[in-house]
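Single-structure report; data block below.
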Amino acid sequence: MAETTGGEVIARMLQKEGVEKVFGIIDGTYFGFYSALHRLGIDIVTPRHESCAAHMAGTYARLTGKLGVCMASNGPGVANLLPGLVVEQADGNRVLAITSARRPGIMYPDRGAAYQCFDQSGVIGKIAKWSSAVSSFDRVPELTRKALRHSWEGRPGVVHLDVPENLMNGKVKAEVGLWAPHQYRHTDPVTPTAEQIRQAADWLIRAQAPMIHAGSGIIHAQAYAALQRVAEVLHAPVTTSWAARGVLTEASPLAIPMPHVKLNHQVRNEADVVLILGSRLGETDWWGKPPYWRHPSEQKTIQVDLDGDMLGLNKPADLALLADAKRFLELLGDELERRRAEIALAPRRQRVAGYAKTMRDDRAGWDKALADQAVPMHPAHIGAVCGKVFPPETVLVADGGNATIWAMFHHQVTVPNTVISTFKIGMLGAGVSQAIAASLARPGTPVLCIIGDGAMGFHPQEVETAIRLNTPVVYVVLCDKQWGMVKMNQQFMLRPFKTMLFKHLDPDETIKADLGEIEFDKLAQSMGAHGERVADPAQLEPALRRALASGKCAVVHVDVDPVKHMWAPGLIHFKKMHEEPKG
Ligand SMILES: Cc1ncc(C[n+]2csc(CCOP(=O)(O)OP(=O)(O)O)c2C)c(N)n1
Ligand SMILES: [Mg+2]
């Protein structure tokens, strides 16, 4: 009988699941696991901070549709992993975390005073979909299967398996049968019934003003083409959650991108039938409530989700459907095409043409800032110039406070699933490693990370990771030497009238909102990256072109006007969003 370790059994099971990469930092406590990954040809991707490993796994999962796996070692490694797990769970990315733990004799319950240990499963269990500690070698396969089952069912999120070092590394004589994924978990998409499709089609065909609201469920189901077909047959406008921005190409007149906040409210108020796909209608969707959405008594809601817990969560559903979004859209598309002649398109066309005019007017308003050629530059230039330099399939990673808002307002998403951020939790610094994972997930595709100077300061060490892994990410760091978004908020709290009058307060009038300088271009050069610094808007395009052409990780330090940077567009709407709607 062959000798194996618990770590090797898990590695082999991951291989059966098609896992090609595991993100994490090595440690002796799980040598049995990662040495088996290495032997099996599974790529071990090592950032320089465990929270980055979690973000990399999450981004990789989101961009590929595969399982993202990260690992961390007991005690400090897991402690560092925690913030990443919080974010990946909140943002709903399919991440399996495998951690080492101290031997069972001294843990669960903690004997006290043991080295490098805490109640890892207890803590992660509170923030994840599911967590379990493994107690014996015999239970390694069963609990790994359970973890994989949880990973692939319901809303994607974090699943955790805590494996003691003696099981990770200890050699055991055993034959462990490896099952195929379909033998222990659901692998076929959940299909709606014909009656449900007929009902949904009836309501959408007869509607005066139908609309679609799409969430990340469209990304996880990779249902872009099916969504586009249904939207086009119905001629229905499509709003999205922030995280699902671009699931319908914004080149389509039916796409209502999220920066057009007032128009999003208008569309949602005019609609008499709304089809909600893979979205919880959370706070950033204004909870699906009046006055931002039409009252439920006047708006029929069809909600499709593969997680029963999401149905009718925040807005009552008239037709609640437990189904895979892609499967649903394909069947609905077939039904709608059969009944195409019943759809009265003229009024729908007229309504959508009105929306296009509003979007053009909004854009013209935002683009006025591009006439400003002052040095240091107006932040509006960055998104606009990046749009010229980078091809449409580029993955944009947005990180930072106002830096993210400027990026969102001056970027158009024409290829679905090319925007990464932490839209639900707004984790400063996550973008640095997300961008590297994006480059690993889409080799050969450019990756652009637009990031604030505060955010970049959380994880600049990952530039070395990008160099080591040969991932040619371009980081554009918006340097205002302040926690810009918070400073703006603070000014309104402290001296609203002076803020309105002079646009900013004096340095001693705000509280700890200013930062010193980090020369991000030079810091990057010290790690072997291409570094540039630019303050003049006329120099931005050539600087970005050089960065992209360098063919390696590049960091462009962009000096932006700190006052203009604070006045990001749409701030009033985002402030309002924090209040519970009255309806
Ligand atoms: C990890 C983390 N800590 C604190 C915050 C709260 N916060 C939100 S925006 C912001 C300021 C961001 O500054 P910077 O990254 O420089 O972006 P800017 O607003 O200046 O463009 C802070 C501190 C956060 N979102 N994430
Ligand atoms: Mg800043």
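Is there a residue in the stretch 215-224 that is outside any helix (DSSP H, G or I) and open to solvent by 10 Å² or more (accessible area, probe 1.4 Å)?
Yes.
May I ask you to verify whether residue 472 is within 21 Å of residue 534 (Cβ to Cβ), more than 16 Å from ligand 2 (Cβ to nearest atom) and at pLDDT 95 or above?
Taking the combined requirement at face value, the residue satisfies it.
Of all residues in the stretch 290-304, how many are open to solvent by 20 Å² or more (accessible area, probe 1.4 Å) and among the hydrophobic types (A, V, I, L, M, F, W, C)?
Going through the stretch 290-304 one residue at a time, the tally reaches 0.
Among the residues of the stretch 539-583, which ones are among the hydrophobic types (A, V, I, L, M, F, W, C), within 16 Å of ligand 2 (Cβ to nearest atom) and in a loop (DSSP other than H, G, I, E, B)?
Correct list: 567, 568.
Do any residues in the stretch 166-179 that are assigned to a strand (DSSP E or B) have Cβ atoms under 7 Å from those of residues that are open to solvent by 70 Å² or more (accessible area, probe 1.4 Å), where the two are at least six apart or on different chains, and which pairs are they?
172/3; 173/1; 173/3
Has the stretch 189-198 got at least one residue that is among the acidic types (Asp, Glu) and either within 21 Å of residue 35 (Cα to Cα) or crowded, with 18+ Cβ neighbours inside 10 Å (or both)?
Within the stretch 189-198, none of the residues are among the acidic types (Asp, Glu) and either within 21 Å of residue 35 (Cα to Cα) or crowded, with 18+ Cβ neighbours inside 10 Å (or both).
Please find, within the stretch 459-518, the residue that is nearest to ligand 1 (Cβ to nearest atom) out of those that are more than 18 Å from residue 568 (Cα to Cα), buried (at least 16 other Cβ atoms within 10 Å of the Cβ) and among the acidic types (Asp, Glu).
The qualifying residue nearest to ligand 1 (Cβ to nearest atom) is 462.
Would you check if residue 403 is part of a helix (DSSP H, G or I) and either within 22 Å of residue 569 (Cβ to Cβ) or within 13 Å of ligand 1 (Cβ to nearest atom) (or both)?
yes
Which condition breaks for residue 429 when tested against (1) more than 16 Å from ligand 1 (Cβ to nearest atom); (2) open to solvent by less than 10 Å² (accessible area, probe 1.4 Å); (3) at positive phi?
For residue 429, the exception is condition (1).
Taking the stretch 309-343 only, how many residues are in contact (Cβ under 8 Å) with a residue 24 or more places away in the chain and either exposed (fewer than 12 other Cβ atoms within 10 Å of the Cβ) or assigned to a helix (DSSP H, G or I) (or both)?
Going through the stretch 309-343 one residue at a time, the tally reaches 16.
Being surrounded by fewer than 24 Cβ atoms within 10 Å (Cβ to Cβ) and β-branched (Val, Ile, Thr) is the filter here, so list the residues in the stretch 432-455 that pass it.
445
Condition check ((1) of a type in the set (D, E, K, R); (2) more than 16 Å from ligand 1 (Cβ to nearest atom); (3) in a loop (DSSP other than H, G, I, E, B)) across all residues:
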residue	(1), (2), (3)
369	no, no, no
391	no, yes, yes
397	no, no, no
416	no, yes, yes
424	yes, no, yes
433	no, no, no
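I'm trying to understand the selection: among the residues of the stretch 124-147, which are open to solvent by less than 70 Å² (accessible area, probe 1.4 Å) and under 19 Å from residue 94 (Cα atoms)?
124, 125, 127, 128, 129, 130, 131, 132, 143, 144, 145, 147
Out of the stretch 228-248, which residues are touching a strand residue (DSSP E or B) at 6+ places or on another chain (Cβ under 6 Å) and on the phi < 0 side of the Ramachandran plot?
The answer is 231, 234, 236, 237, 238, 239, 240, 244, 245, 247, 248.
In the stretch 519-538, how many are more than 16 Å from ligand 2 (Cβ to nearest atom) and either open to solvent by 90 Å² or more (accessible area, probe 1.4 Å) or small (Gly, Ala, Ser) (or both)?
The total comes to 8.
Out of the stretch 244-289, which residues are more than 22 Å from residue 367 (Cα to Cα), open to solvent by less than 10 Å² (accessible area, probe 1.4 Å) and in a helix (DSSP H, G or I)?
Of everything in the stretch 244-289, those that are more than 22 Å from residue 367 (Cα to Cα), open to solvent by less than 10 Å² (accessible area, probe 1.4 Å) and in a helix (DSSP H, G or I) turn out to be 244, 267, 268, 285, 288.
For residue 444, which of the numbered conditions (1) more than 16 Å from ligand 1 (Cβ to nearest atom); (2) within 23 Å of residue 66 (Cα to Cα); (3) in contact with a Ser or Thr (Cβ under 9 Å, 6 or more places away or on another chain) fails to hold?
It fails just one condition, (3).
Which pairs have Cβ atoms under 6 Å, sit 6 or more apart or on different chains, and link a residue in the stretch 399-414 that is closer than 17 Å to residue 59 by Cβ and open to solvent by less than 10 Å² (accessible area, probe 1.4 Å) to one that is in a helix (DSSP H, G or I) and of a type outside the set (Asp, Glu)?
From the stretch 399-414, the pairs are 399/431; 399/455; 407/383.
All but one of (1) closer than 30 Å to residue 406 by Cα; (2) surrounded by fewer than 19 Cβ atoms within 10 Å (Cβ to Cβ) hold for residue 346; which doesn't?
(1)
Cβ contacts < 8 Å: first residue within 17 Å of residue 557 (Cβ to Cβ), restricted to the stretch 510-523; second residue within 12 Å of ligand 2 (Cβ to nearest atom) and basic (Lys, Arg), any location; separation 6+ or different chain. Result?
Between residues of the stretch 510-523 that are within 17 Å of residue 557 (Cβ to Cβ) and residues that are within 12 Å of ligand 2 (Cβ to nearest atom) and basic (Lys, Arg), the close pairs are 515/481; 516/481; 517/481.
Out of the residues in the stretch 559-582 meeting the condition of being more than 11 Å from ligand 1 (Cβ to nearest atom) and closer than 19 Å to residue 539 by Cβ, tell me which one is most open to solvent (accessible area, probe 1.4 Å).
564
Does residue 483 satisfy being farther than 24 Å from residue 542 by Cα and either touching a Ser or Thr at 6+ places or on another chain (Cβ under 6 Å) or within 16 Å of ligand 2 (Cβ to nearest atom) (or both)?
Against the criterion (farther than 24 Å from residue 542 by Cα and either touching a Ser or Thr at 6+ places or on another chain (Cβ under 6 Å) or within 16 Å of ligand 2 (Cβ to nearest atom) (or both)), residue 483 qualifies.
The values are calculated or read from the model by the stated rules, or taken from the named source; none is laboratory data. Bear in mind that the values here come from a model prediction, so they are computed numbers and not experimental data. Ideal geometry is used to build each Cβ from the backbone, glycine not excepted, and the neighbour counts take in all protein chains shown. Side chains are part of the model used for accessible areas, which takes the heavy atoms of the whole protein and leaves out ligands, DNA and RNA. Shrake-Rupley method; radii C 1.70, N 1.55, O 1.52, S 1.80 Å.
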